[in-house]
Amino acid sequence: MGQPLPQNEVKSLTFNLAYNDATFERDLAQIYTPGSPAYHQFLTPDQVIQRYALSDSQLKIVQDWLTQHGYTIVSTDSLRSGIKVQATVSNIEHSLNIQLSSFSILGHQFFMQQGVPTLTGQVASLVQSVVGLDNFAFPTFKPPFSFTGSTSADGANCSKYGVNQTLTRDKLAAAYQINQLYKQGFQGQGMTIGVAEFDEPYDPKDIANYAACAGINAPNIQNIDVDGHVASGPGQGEAALDLELIAGLAPRAHILDYQASLSKTSFAQALVDVFNRVATDHKVQVLSVSYGAGEDTFSASEQDAVNRSLRNLAAEGISVFVSSGDCGAFSYRVSHVAMVSFPMLLPWVARICR
């Protein structure tokens, strides 16, 4: 039995708005069907809004309902796919007819909803789901091995780079025959690559040192705050790994690092918020996501919300690559229970082994 959350505690939620799903799915199928007149005729954000999103009047109905029920609207993304809000536990429980309670499992503290969120009246048909009502799912940052000794962030110390058969940029490029593209002058120029990072710091000095050891220029990386702010700092997990390898393999590409803090935002909500922001910005051609958690740790509404956000990216022609996990069939939390990783399993992503 969980403990009720303090009634005055403030939580961050995302109300995911309804789209014309039937038409969207039909059109998207044509965009990805070879031979179709619409094949690879990807959509702009404005086209997505015009064809599938809520109208101005419908959007106002949802916004008014939120305000009337004590929610503070933080932002409405320009794709009209979600509204980020804040509210006290008391307002959330009364407006959605649920209870929020805290629990502890295997040393992990989390909260979850008890009951099914319900909306009444006209707003019920305009909101697809509410994300942020639990934080049970969370990513594990540290890989199941150590990078210690590969490089040093103090200057350009490359004495241990590539020793003991460790993986170098040139070896990786050769393994995937990317080095053949280099011979033709292709090094990522003209591309913008997105990276999703969740509450994990990286040190720009580490990235610069890696670039020096790999024999490339320091990469052009722009951090973009989505949920809160992730300060720079030492890290040996996915953040530094992603940025180093992407910069190494595509040294002339521009990198946008979309960052979300999980201090006040659930992992599921952060996934939705990052994907919605990437789709709204419409700046990248590729998005790398090296994070995930066991499928069973996400609720059905969370899974649906993440999938719908990925669907927007697919409509815009943005390729999303998601890690399949570091431990095969097993999650980090329960090492002996087979569990598929999420969001890797969703239909709008490409799987990458990590």
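The values are calculated or read from the model by the stated rules, or taken from the named source; none is laboratory data. Values in this document were obtained by computation on a predicted structure and should not be read as measured data. Cβ atoms come from the backbone with ideal geometry, glycine included; neighbour counts cover every protein chain shown.
Among what's in segment 295-312 and is under 21 Å from VAL278 (Cα atoms) and among the aliphatic types (A, V, I, L, M), pick the residue that is farthest from the chain's Cα centre (by Cα). By that ranking, first place goes to ALA305. Check THR14 against each of (1) closer than 30 Å to VAL89 by Cβ; (2) among the β-branched types (Val, Ile, Thr); (3) at pLDDT 95 or above and name the one condition it does not meet. Going through the list (1) closer than 30 Å to VAL89 by Cβ; (2) among the β-branched types (Val, Ile, Thr); (3) at pLDDT 95 or above, THR14 breaks only (3).
Looking at SER288, SER263, SER301, SER309, just one residue is in a strand (DSSP E or B) and either touching a residue at least 24 places away in the same chain (Cβ under 8 Å) or touching a Phe, Trp or Tyr at 6+ places or on another chain (Cβ under 6 Å) (or both), and that residue is SER288.
To keep it simple, each residue is scored yes or no on (1) within 15 Å of the chain's Cα centre (by Cα); (2) among the aromatic types (Phe, Trp, Tyr).
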{"position": "THR168", "(1), (2)": "no, no"}
{"position": "TYR176", "(1), (2)": "no, yes"}
{"position": "LYS183", "(1), (2)": "no, no"}
{"position": "ILE193", "(1), (2)": "yes, no"}
{"position": "LYS205", "(1), (2)": "no, no"}
{"position": "ASN217", "(1), (2)": "no, no"}
{"position": "ALA253", "(1), (2)": "no, no"}
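Mind listing whichever residues of segment 211-240 are in a helix (DSSP H, G or I) and touching a Gly at 6+ places or on another chain (Cβ under 7 Å)? Once the filter is applied, which keeps residues that are in a helix (DSSP H, G or I) and touching a Gly at 6+ places or on another chain (Cβ under 7 Å), segment 211-240 yields only ALA214.
Taken over segment 265-305, the residue count meeting the criterion of being under 22 Å from SER324 (Cβ atoms), β-branched (Val, Ile, Thr) and crowded, with 24+ Cβ neighbours inside 10 Å is 5.
Of the residues that sit in segment 228-264 and are modelled with pLDDT of 90 or more and hydroxyl-bearing (Ser, Thr, Tyr), which one is surrounded by the most Cβ atoms within 10 Å (Cβ to Cβ)? Step by step, filter segment 228-264, then rank; the result is TYR258. Does any residue of segment 285-294 turn out to be farther than 30 Å from GLN109 by Cβ and either of a type in the set (Val, Ile, Thr) or more than 11 Å from the chain's Cα centre (by Cα) (or both)? Yes, the conditions are met somewhere in segment 285-294.
Can you tell me which residue within segment 86-116, out of those that are touching a Lys or Arg at 6+ places or on another chain (Cβ under 9 Å) and β-branched (Val, Ile, Thr), is surrounded by the most Cβ atoms within 10 Å (Cβ to Cβ)?
As a first pass, look at segment 86-116 and keep what is touching a Lys or Arg at 6+ places or on another chain (Cβ under 9 Å): 86-89, 92, 100, 105-106, 108, 111.
Still in the running and β-branched (Val, Ile, Thr): 88-89, 92, 105.
On the way: THR88: 18, VAL89: 19, ILE92: 28, ILE105: 10.
If we take residues in segment 86-116 being touching a Lys or Arg at 6+ places or on another chain (Cβ under 9 Å) and β-branched (Val, Ile, Thr), then ILE92 is surrounded by the most Cβ atoms within 10 Å (Cβ to Cβ).
Test of understanding: among HIS108, HIS40, HIS69, which residue is at pLDDT 95 or above and closer than 25 Å to ASP134 by Cβ? So that I can check it myself, show each step before the final result.
Working: HIS108 fails: at pLDDT 95 or above; HIS40 fails: closer than 25 Å to ASP134 by Cβ.
Selected residue: HIS69, the only one of HIS108, HIS40, HIS69 that is at pLDDT 95 or above and closer than 25 Å to ASP134 by Cβ.
Evaluated against (1) under 21 Å from the mean Cα position of the chain (by Cα); (2) part of a helix (DSSP H, G or I); (3) in contact (Cβ under 8 Å) with a residue 40 or more places away in the chain, GLY248 falls short on exactly one condition, (1). Checked against (1) over 20 Å from ASP21 (Cβ atoms); (2) in a loop (DSSP other than H, G, I, E, B); (3) modelled with pLDDT of 85 or more, PHE321 meets all criteria but (2). Would you point out the residue of segment 71-83, among those that are of a type outside the set (A, V, I, L, M, F, W, C) and more than 22 Å from GLN47 (Cα to Cα), that is surrounded by the most Cβ atoms within 10 Å (Cβ to Cβ)? Restricting to residues being of a type outside the set (A, V, I, L, M, F, W, C) and more than 22 Å from GLN47 (Cα to Cα), the top hit is TYR71. Scanning segment 19-33 for residues that are charged (D, E, K, R) and touching a strand residue (DSSP E or B) at 6+ places or on another chain (Cβ under 9 Å) returns a single hit, ASP21.
Taken over segment 197-206, the criterion of being surrounded by fewer than 20 Cβ atoms within 10 Å (Cβ to Cβ) and outside any loop (DSSP other than H, G, I, E, B) is satisfied by PRO204, LYS205.
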